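Enquirer: Supplied in C-alpha cells, the structure appears directly below.
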C-alpha cells in the first residue's frame, strides 16, 4: 500500500463521504457520515464538520491536501465555486478550482461544477458528474450517459466536455411509482431480482417504431391500462415503469441528437442503475464501451493535479 | 321551467353529483355530496347512498328515471358495465348500457365507458369523457381534446368516436409541482390571475423548433435551471411548468398523429384548464371550434334516449 497523500471528499446535501488516497490513487480508507451533509452544518461550521469526519487522518498523517466536490461548492456550501462553461476539459476545470487553507495548515481544493450555456431553454448544470466524465476518459470523441436521479448525457469532443443535458428520469420514476395514481407499485422484496420481463416490455415499447411511444405523457398511462387489461400484474409495475422511463430517456436523447443507431456510448458508473441502462442500449442499436472503475476519484485527482501544477 | 323528467348522476370515486333535469334538458336543481363517492359506500349500499342524496326528488316527483355514469359503473361500483370498444357512436354506447330497477320502482340506467383496442402498448380506456364527446357533437370528422388530470385526445369519424388516447398531463403537473425537487412551486394567492408570461414561456418552448423540446424528461428540468440561472422567479414556476407540460402534451399529440398545423380542433368542457389549452392551441397552428355548454349532460341524455328507444 502507498502512503496517504490526499483526502477526497464527496460532500453532498445529505451526506459526506471521505476517502484517504495514496499518491497513485489507491483508496486506503473510506468513511461516510450520514449526518454530515451540508444541510446539517450549522452557522457555516464546515471546517469543524470536516475535522469531525476526518480529523484523525490529519492527526495520523499530517495536513494532507483535501479535494472536495459536490454541493459543498454550491451557494449553500462552504464557498461557492462558479460553474465552468462547456466546452471544458481538465485545464479549464482546474482553472476553476478555489482553495482555502485550514487552521491546521492543510489546503482544501474545491472543484467547480459545469454549465452548458448552449442548452435550451436555459443553461444546464451539473456538479460532480464532470469529475466522473473526466475520469472515464476525454481521449476520444464520443457520447457518455451517467445514469442517476438526474441523469446526464454528455458529448466528448477534442479532449473536452463539449456539452451535456440533464434528464430527470430517476426522479420521474420515483414520482410515478410513489405518488401517482397511474402506477400502483408494489415494493419489491429486499434483494429480489428485478422482474426483467416486465422491464423489457416497458423498454421495448419505448424503443419501438410506434409513433405513440413519442408521447411520453401518454405512454406512462400504460402502467394503468396494462393492469386494467390484465396484461400487467401489480408486481410487474415497478420494473415495467423503470423500463418505460429509462427507455423513453434513450428515445428522447436520440431525438435530441445525442446518438444514432450504430453508435458506441459509454455508461459511466457501476451501480445497479447502470445494469438497466446497459440492458436498454442494444434496443436502440447502441454498443457499450467499458470505462474504468472509480471514475470520479480518477477525475478529481486529474483535475487537482493539473490545478496544483499551474 | 319544464317538469322534472330524469335524474342525472355523475358518481365518481370521491363525490356524487346529481342533477334534476327536465324533458328538454333544463337543469332544475343540482346537488353535490362530497362524502358520497363510491369509496365511501360500505357493503354495496349504493341504493341507500343514492336515496340519501336524491330521495326527496323521488318523494316530490315520483320514481324518475336515473342516468348514471362515472366510476359507479366500474369494478368497484354498483354494477360493472363493460367498456364499449371504439369505434363507437350513440347506438353502440346505448347498446352497452345496463339497467336496474330500484325498490321504489325507478329505473336506473348505467352508461358504459369506452375502450380503444387499437391503442399501444395496451388498450386505452375512459369512463365519462365519452358522454362529453357525444354531447359536443359527432356530426363532423375532427379531433377533440378533453383537458383534465388524465386528458384525452379523441378522433370523431363517420359519426362515431373512432379512437382516443390518454395523456396524464394534469397528474404529472401535480407530481412535479408538489412532490419533486425540480420545481419548487409557490402556491398562488387564492383567486390570483395566472402568471401568463411564465405560462407562455413554458408553452412556447414546447412549441418551438428546438429538437430538445422533444426530450420531455429533460425539458422539465428547465424549471430548475431557469431558477438557477435567474431567468425564472419562484413565483413563476407553477405557471411555467403548466405551460411546459400542456405544451408538451400538444407536441406529443402532434407526434402521435392527432393533429397537424392548420387543423381546427374542439376543446371540450369549459373550466379554467380549457383556457390554458385554448391559449396554447394557436402556438401549434390550431384553430379552435366552439362546442355547446354542458356537453356531458347532452351526451348522457342522447345515449339514454337511444337506449330507451331500442
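Read-outs throughout are calculated quantities, based only on the coordinates presented, and are distinct from any laboratory measurement. Quantities reported herein were computed from a predicted structural model and do not represent experimental measurements. Because the Cβ atoms are built from the backbone with ideal geometry, glycine has one as well, and the counts that use them run over all protein chains shown.
Enquirer: Assuming R0 = 22 Å, can you tell me the calculated FRET efficiency for the pair residue A:76 and residue A:178, based on Cβ-Cβ distance, to the nearest 0.05?
Expert: 0.30
Enquirer: From Cα coordinates alone, what are the radius of gyration and Dmax values for the protein assembly as shown in angstrom?
Expert: Spelled out, the Cα radius of gyration and Dmax of the protein assembly as shown are 28.8, 95 Å.
Enquirer: Rg to Rh ratio, chain A, alpha-carbon atoms and Kirkwood radius?
Expert: Here Rg/Rh amounts to 1.01.
Enquirer: Between B:171, B:193, B:129, where does the largest GNM mean-square fluctuation fall for chain B, given springs only between Cα atoms within less than 10 Å?
Expert: In the Gaussian network model the winner is B:193.
Enquirer: How far, in degrees from 0 to 90, does helix A:196-206 lean away from the longest principal axis of the Cα atoms of chain A, to the nearest 10?
Expert: Rounded to the nearest ten degrees, it is 80.
Enquirer: Per residue of A:28-40, count partner chain C-beta atoms within 10 Å of its C-beta, then hand back the mean as an integer.
Expert: Counting Cβ atoms of other protein chains within 10 Å of each residue's Cβ and averaging gives 0.
Enquirer: Could you work out [θ]222 nm for chain A from helices alone, using -39500 (n - 2.57) per DSSP H run of at least four and dividing by all its residues? Round to the nearest 500 deg cm²/dmol.
Expert: -10000 deg cm²/dmol
Enquirer: Can you tell me the orientation of helix B:237-255 relative to chain B, as the angle in degrees between its alpha-carbon axis and the longest Cα principal axis, to the nearest 10?
Expert: Approximately 80 degrees, to the nearest ten.
Enquirer: Run through the DSSP bridge list for chain A and note the antiparallel percent, rounded to the nearest 5. Write down the numbers at each step before the final one.
Expert: Values: 33 of 48 bridges.
Counting only bridges with both partners in chain A, antiparallel ones make up about 70 percent.
Enquirer: Continuing with this model, one more query. Report, for residue B:159, each distance to the same residue's label point in the other copies, shortest first and in nm; define the point 7 Å along Cα→Cβ.
Expert: In ascending order, 7.5 nm.
Enquirer: Nearest 0.05, what FRET efficiency do residue A:308 and residue B:231 give at R0 = 25 Å with Cβ-Cβ as r?
Expert: 0.10
Enquirer: How do B:150, B:179 line up, fewest other C-beta atoms within 10 Å first? Please list the in-between numbers first.
Expert: Details: B:150 21, B:179 15.
Starting with the residue having the fewest Cβ neighbours, the order is B:179, B:150.
Enquirer: Here's something else I'd like to know. At what distance in angstrom do the alpha carbon centres of the range A:99-139 and the range B:149-221 lie from each other?
Expert: 33
Enquirer: Run the numbers on the range B:139-216 and let me know its relative contact order in percent, using alpha-carbon pairs under 8 Å that are six or more apart. Write out the running numbers ahead of the final one.
Expert: Details: 75 pairs, mean separation 12.7, N = 78.
It comes to 16 percent, rounded to a whole number.
Enquirer: Distances in nm, one decimal, shortest first, from residue A:30 to the same residue in every other copy, taking the label point 7 angstrom along Cα→Cβ.
Expert: Label-point separations across copies, in nm and ascending: 6.1.
Enquirer: Here's a follow-up. Which whole-number percentage describes the relative contact order of chain B, with Cα contacts under 8 Å and a sequence gap of 6 or more?
Expert: Working: 612 pairs, mean separation 49.9, N = 310.
Computed value for chain B: 16 percent relative contact order.
Enquirer: Still on this model: Cut-off 10 angstrom, C-alpha nodes, Gaussian network model of chain B. Which of B:252, B:165, B:186 fluctuates the most?
Expert: The residue with the greatest mean-square fluctuation here is B:186.
Enquirer: A follow-up question, please. What's the FRET efficiency of residue B:287 with residue B:192 using the Cβ-Cβ distance as r and R₀ = 41 Å, to the nearest 0.05?
Expert: In this case the efficiency is close to 0.85.
Enquirer: May I pose another question? Label-to-label distances across copies for residue A:192, with labels 7 Å out along Cα→Cβ, in nm, shortest first?
Expert: 4.4
Enquirer: Another question about this same structure. Using the number of other C-beta atoms within 10 angstrom as an exposure proxy, rank A:195, A:61 with the fewest first.
Expert: Working: A:195 19, A:61 15.
In order of increasing Cβ crowding within 10 Å: A:61, A:195.
Enquirer: So if each residue of separation counts as 0.36 nm, and I subtract the Cα-Cα distance between residue A:14 and residue A:40, what length gain in nm does that give? Write down the numbers at each step before the final one.
Expert: Details: separation 26, 0.36 × 26 = 9.36 nm, distance 0.76 nm.
My answer for the length gained is 8.6 nm.
Enquirer: Also, quick follow-up: Would you mind telling me which residue in A:223, A:189, A:281 has the biggest mean-square fluctuation in a Gaussian network model of chain A, where springs connect alpha carbons within a distance under 10 angstrom?
Expert: Result: A:189 has the largest fluctuation of those listed.
Enquirer: What ranking of B:157, B:297 emerges when the number of other C-beta atoms within 10 Å of each C-beta is taken as an exposure proxy, fewest first?
Expert: So the residues, fewest neighbours to most, are B:157, B:297.
Enquirer: If you take every DSSP beta bridge whose two residues both sit in the protein assembly as shown, what share of them, in percent to the nearest 5, is antiparallel?
Expert: Of all bridge pairs located within the protein assembly as shown, approximately 70 percent are antiparallel.
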